[in-house]
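The values are calculated or read from the model by the stated rules, or taken from the named source; none is laboratory data. None of these values were measured; they are calculated from a predicted model. So basically every Cβ, Gly included, is an ideal-geometry build from the backbone, and we count neighbours across all protein chains shown. Only protein heavy atoms, including side chains, enter the accessible area calculation; ligands, DNA and RNA are left aside. Shrake-Rupley method; radii C 1.70, N 1.55, O 1.52, S 1.80 Å.
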Amino acid sequence: MPHLVVPPVIPPRPLAVFTTAPDRQIRFSRSNVRADEVAAVMEALHGDHHAGNGAFTARCHQRLEAMVPGTRALATHSCTGALEMASLLLDLEPGDEVIMPSWTFASTANAVVLRGAVPVFVDVMPDTLNINVDLAAEAVTDKTRAIFCVHYAGVGCDMEALQALCDRHGLALVEDAAQAVGATWRGRALGGIGDIGTFSFHASKNISCGEGGALLVKSPEHMARAEMLWEKGTDRVRFGRGEVTAYEWQTVGSSFLPSEITAALLDAALRNEPTKTARRVAAWNHYDQQLRAAGVDRHLVLPDIPADAAHNGHIYHMRTADQAARDALKADMARVGVEVTTHYQPLHLTPAGLRYGRLSGPDDVTVRASRTLLRLPMDGSISRDAQDQVIRALLTVLPA
Ligand SMILES: Cc1ncc(COP(=O)(O)O)c(C=O)c1O
């Protein structure tokens, strides 16, 4: 007879709401779920609609559409899923080419490779680490179908230049706005400027429901198709609205929707978006002001934000002169109790990037960023004390 192992009851940990304590190890990022977000999950759990596309999901859609005017939204299980939906909506086919920065996460490229299309990687701008539009223009061929731009660190790409390039060649413009929830470019919400936008609500992002994302589309035709892709290629969403008497398999699709339990957390987190973003931007500004005042910009390249971009404080990054200096700084910071982290590998140099994609033009800025960039601890609950500890640590380990 197998033994029934009853796990011990673990008393709930008090919630970490704005409580990063000073004088101890500062982690790169901590979760910061608020009490009303926990309450929303409990409400969903106590209800009897746990599958997807219920009342919480509908509220997420309303909030997203209000945040990004001119779009229709569908919550997804991840930004990865939303990017895959974008590739399906664009009917990407084997041999099609999609231009994107090499400085991005695997999901941007996977989404097009899953359709048999080829990611054509280009270098990024030295200031923002966003796609270099001139290099994107040089990468256009008669096979190019779309540009997937990435708003790195929640800082907007040059959207007018990208849109003009896409218009010139009849290309679709997809915004991978995984990091850009709550950020704007020339006053317009990122994720809602191109034809299609995608958000991430992964635990590492400003607004989190653990794993989650959203697709934002502008055209009614895209929305009608996206609803079917979302629900296993069926017209179940229309059935739910009473528009058809039964739902059927209509087209190729998958299951991209979150459960109501996840949607409840997302709904509450989105309700808190203004204060979460403001708090994050304030923390970002504190780092920036203090580090510049201390002259750290003499040793390290600090972020350079274009005047047209109102960012969301997602990442505070800094770049060293070379890789040896970066690795030494990372190790020194770890020794004094502060976790700082590197970021992307140049995608075109990864095993899958070499197999499925190709580089167009130079790659200097991307390669250099992957070797020299560090991100300081940042999350929605980091305290001033913790930030000051990070700053003191940095000033201690940097050469005078
Ligand atoms: C630029 C970019 N795109 C896509 C993703 C994937 O997001 P998700 O984890 O929600 O699938 C990430 C994740 O960090 C990202 O940074």
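What residue, of 102, 87, is without any contact (Cβ under 8 Å) to a residue 40 or more places away in the chain, buried (at least 24 other Cβ atoms within 10 Å of the Cβ) and within 16 Å of the ligand (Cβ to nearest atom)?
Sole residue among the options that is without any contact (Cβ under 8 Å) to a residue 40 or more places away in the chain, buried (at least 24 other Cβ atoms within 10 Å of the Cβ) and within 16 Å of the ligand (Cβ to nearest atom): 87.
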ask   = Which ones in the stretch 331-347 are open to solvent by 50 Å² or more (accessible area, probe 1.4 Å) and either outside any helix (DSSP H, G or I) or in contact with a Leu (Cβ under 6 Å, 6 or more places away or on another chain) (or both)?
value = 336, 339, 345
task = Pick out the one residue from 372, 396 that is within 22 Å of residue 298 (Cβ to Cβ), in contact with a helix residue (DSSP H, G or I) (Cβ under 6 Å, 6 or more places away or on another chain) and not aliphatic (A, V, I, L, M).
result = 372
ask   = Can you name the number of the only condition in (1) touching a strand residue (DSSP E or B) at 6+ places or on another chain (Cβ under 8 Å); (2) assigned by TED's automatic domain parsing to the domain that holds residue 55; (3) open to solvent by 20 Å² or more (accessible area, probe 1.4 Å) that residue 310 fails?
value = (2)
remark   = Quick count over the stretch 102-135, residues being in a strand (DSSP E or B) and closer than 19 Å to residue 374 by Cα, is 1
ask   = Does the stretch 283-300 include one or more residues that are touching a residue at least 24 places away in the same chain (Cβ under 8 Å), surrounded by 15 or more Cβ atoms within 10 Å (Cβ to Cβ) and in contact with a strand residue (DSSP E or B) (Cβ under 7 Å, 6 or more places away or on another chain)?
value = yes
inquiry  = Can you pull out every residue in the stretch 60-101 that is among the hydroxyl-bearing types (Ser, Thr, Tyr) and in a strand (DSSP E or B)?
reply    = 76
task = Could you please let me know if residue 107 is within 10 Å of the ligand (Cβ to nearest atom), open to solvent by 10 Å² or more (accessible area, probe 1.4 Å), touching a residue at least 24 places away in the same chain (Cβ under 8 Å) and under 17 Å from residue 348 (Cα atoms)?
result = yes
inquiry  = So residue 392 passes all but one of these: (1) open to solvent by less than 30 Å² (accessible area, probe 1.4 Å); (2) farther than 30 Å from residue 350 by Cα. Which condition number does it fail?
reply    = (1)
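Of the residues 130, 206, only one is modelled with pLDDT of 95 or more, under 30 Å from residue 378 (Cα atoms) and touching a Lys or Arg at 6+ places or on another chain (Cβ under 6 Å); which?
Sole residue among the options that is modelled with pLDDT of 95 or more, under 30 Å from residue 378 (Cα atoms) and touching a Lys or Arg at 6+ places or on another chain (Cβ under 6 Å): 206.
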key: Selected residue (only one of 61, 46 is over 23 Å from residue 315 (Cβ atoms), of a type outside the set (D, E, K, R), open to solvent by 60 Å² or more (accessible area, probe 1.4 Å) and modelled with pLDDT of 95 or more)   = 46
Residue 144 vs. criteria open to solvent by 10 Å² or more (accessible area, probe 1.4 Å), touching a Leu at 6+ places or on another chain (Cβ under 7 Å), within 25 Å of residue 252 (Cβ to Cβ) and at pLDDT 95 or above = yes
query = Of these, 257, 265, which one is in contact (Cβ under 8 Å) with a residue 24 or more places away in the chain and in a helix (DSSP H, G or I)?
reply = 265
inquiry  = For the condition surrounded by fewer than 22 Cβ atoms within 10 Å (Cβ to Cβ), of a type in the set (Ser, Thr, Tyr) and either assigned by TED's automatic domain parsing to the domain that holds residue 137 or within 16 Å of the ligand (Cβ to nearest atom) (or both), what is the one hit in 184, 198?
reply    = 184
ask   = Of the residues that sit in the stretch 110-129 and are open to solvent by less than 10 Å² (accessible area, probe 1.4 Å) and within 23 Å of residue 170 (Cβ to Cβ), which one is farthest from the chain's Cα centre (by Cα)?
value = 117
query = In the stretch 366-380, how many are touching a Ser or Thr at 6+ places or on another chain (Cβ under 6 Å) and open to solvent by less than 10 Å² (accessible area, probe 1.4 Å)?
reply = 3
query = Does the stretch 205-214 contain at least one residue that is out of contact with any strand residue (DSSP E or B) (no Cβ under 6 Å at 6 or more places or on another chain), more than 30 Å from residue 316 (Cβ to Cβ) and within 16 Å of the ligand (Cβ to nearest atom)?
reply = no
Every residue from the stretch 64-78 that is open to solvent by 10 Å² or more (accessible area, probe 1.4 Å) and closer than 21 Å to residue 153 by Cβ = 67, 78
request  = Tell me, please, whether a residue that is touching a helix residue (DSSP H, G or I) at 6+ places or on another chain (Cβ under 9 Å), at negative phi, among the basic types (Lys, Arg) and without any contact (Cβ under 8 Å) to a residue 60 or more places away in the chain can be found in the stretch 200-212.
outcome  = no
